[in-house]
Every structure is written in C-alpha cells, then in structure tokens.
1. Compute the Rg/Rh shape ratio of the stretch B:1-134: radius of gyration over Kirkwood radius, all on alpha-carbon atoms.
2. Using Cβ counts within 10 Å as a stand-in for footprinting exposure, how do B:W123, A:W9 rank, fewest first?
3. Please provide three numbers in whole Å: the alpha-carbon extents of the stretch B:112-163 along the principal axes, with the largest listed first.
4. Which number gives the lysine pairs in the protein assembly as shown that have C-alpha atoms under 28 Å apart and are eight or more places apart or on different chains?
5. Under a crude label model (7 Å from the Cα following the beta-carbon direction), how far is A:A96 from A:I16 in nanometres?
6. Treating only the Cβ atoms of Lys and Arg (+1) and Asp and Glu (-1) as charged, compute the dipole magnitude of chain B about its Cα centre; round to the nearest 20 debye.
7. What fraction of the Cα pairs in the protein assembly as shown, stated in percent, has a spacing above 24 angstrom?
8. Any idea what angle helix B:9-23 forms with the longest principal axis of chain B, computed on alpha-carbon atoms, 0 to 90 degrees, nearest 10?
Amino acid sequence: MSLSELPLWLVLAVGIFAILGAMLTLVGTIGLVRLNNFYERVHAPTLGTSLGSGFILLASILYFSVTAQRPSVHEVLIFIFVSLTTPVTLMLLARAALYRDRMESPNARLDPDADIKSEIPGIEIREIR
Amino acid sequence: MIKRLLPYPLLFVGLVLMWVLLQQSAGIGQLLLGAAVAFGATHAMAALVPEQPKVRRLDKVLLLMWLVLVDVVRSNIAVTAIIILGHRRPEQSGFLRLPLDLRDKTGLAVLACIVTATPGSAWLEHRAADNSVLIHLLDLKSDQEWITTFKDRYETLLLEIFQ
C-alpha cells in the first residue's frame, strides 16, 4: 500500500503523534545538556521515555494496525519495558551521584542513614513532617 | 495444590500474554510454548523470592494506572516548559525528605518507579531507619502541591493495594 492510498485521517494522526513524540524526546535531550546540575539533568530524559516514546509507539500502533489489517499491539510491550527499566537506571545514577557527593564532603560518612544535610556543603534538604 | 503448581499466577498470566504479543499470534502452539516458558519462569522466581507480594485490590490498580497516566501528561508539559524557558526560569530545584507510611517492599518499589518515571521528580534514596525517602524535585516552588498528590493519591492507593 503506497502512501497516497492511505486515508487522510490516518496520515494526519500518525504524523502528529510521531512528531509530538519526537519533539518531546528532543526537548528531553536538550534538557540533558542545558539543566544546571546532575540531579536536575536526571529529570530530562524521562520526557523521552514517558510520553515521548508513548506518542511514537501510538503512531506505530495506528499505522501498522490499519495497513496490516490486523491489530498491532506488541508496541505496548516496548512501552512497558521502557517505563520499568528507566526508573531503575535513573535511581542507580542518582544514588551514585549521592554516594560521590558524600565521599567528597569533608566529613565523609558512607552510612546512608546519616543525614546528608550536614554532610554535603551546598545541598539543602527540606524536611517534611 | 494450585499454589505449588503456579506460585505466581499473575506473573504467569502476564508472561503468557507477553509471549503471545511478542509472537503476534495466539495459535495453540504459541500458547503452549508461552505457558511452558512462563511456568519455568514463575518457578525460577519462586526459588529467588520466598515472600510473595499480595495484591489486594485489583480495581485500585487500574485507578492507580489512570492517575499515573494523567500525572505523566501534566508533568511532561511542566518539565517541557522548564527546559524551554531555560535559565530565565524562576523555579529552583531541590531536595525533599518525606516520611512514609507505606512499608510493603513491593509497594515501595512501585512508588519509586512511579515517582522516577514521572518527569520532574526523582526518588533518590529510601532510608530504612525512619522509613523516609529522599526526593529531588525539578520545581521546588510547587512542592506543596506535589507532596499532596504523592501522599493522598499514590501512597494512600498503594497502602490499600499492598498493605
């Protein structure tokens, strides 16, 4: 099936979803460069792994479901795996950063139960009760 | 009896479903093959983790997924705005330490994944001593709103589901 034979609504919907997803992922990568410190930069790629990949996969589901004449939903698996694995990676990276900050502070303690407020100069923690 | 045969029924169903989706065919051969793989995997899982998470309210799981979806959309818009505004933004990022009521391990894992998967908030470290968590927020100005969402929506729901 060539592109001109596809119904207009499908072309529009697939195009809009794919571009939206790509834009969000792009903004995420720009954020990775532009944000100020490591802990802030951790937030940026989640744009691409949450809604960014979501929109692109939605475009893929729509396109292949119509052109292949049968539902194509295995893209959902990609979304599930990406949403499950990125938080784990981000937490590992963030904890590595915390560990490094603790190590480099003058009164270093490796004990995670120790309060990092008093340990790392320049990091302030707001305590919620 | 059924417990010994299928130690993790939900995992079993999930794995068979995954197999069928991956093969893109629900033929009897693929179903059998998927069931065999899932059977082996659930028993490997049983050998690894003796304690089994209890999902008490399946209806609440659906509600939780819906709430997460809505929040992901909202925070995507918010974080996009922050990145595009760049250095002119007035917001400040920062750390929060929150006390938790949730103690169930699976519940905490789910909560950590939700918080980190949502742009704008990251779960850094759980402190077992006082059951509190260290969280980094990209926009600390709206932290009160974020804490309310976190405590009232997610933690309450997860308490109902797992505890």
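1. We get a ratio of 1.09 for the stretch B:1-134.
2. The fewest-first ordering by Cβ neighbours comes to A:W9, B:W123.
3. Its Cα atoms span 31, 23, 19 Å along the three principal axes.
4. 12
5. Each label point lies 7 Å from its Cα, and together they span 4.1 nm.
6. It comes to approximately 280 debye.
7. Numbers: 25533 of 42486 pairs.
The calculated P(r) of the protein assembly as shown puts 60 percent of pairs beyond 24 Å.
8. Approximately 90 degrees, to the nearest ten.
Read-outs: derived from the displayed coordinates by stated rules, not from any lab. In this text the structure is predicted, and so the values were computed from the model without any measurement. All Cβ positions, even for glycine, are placed from backbone atoms using ideal geometry, and neighbour counts span all protein chains on display.
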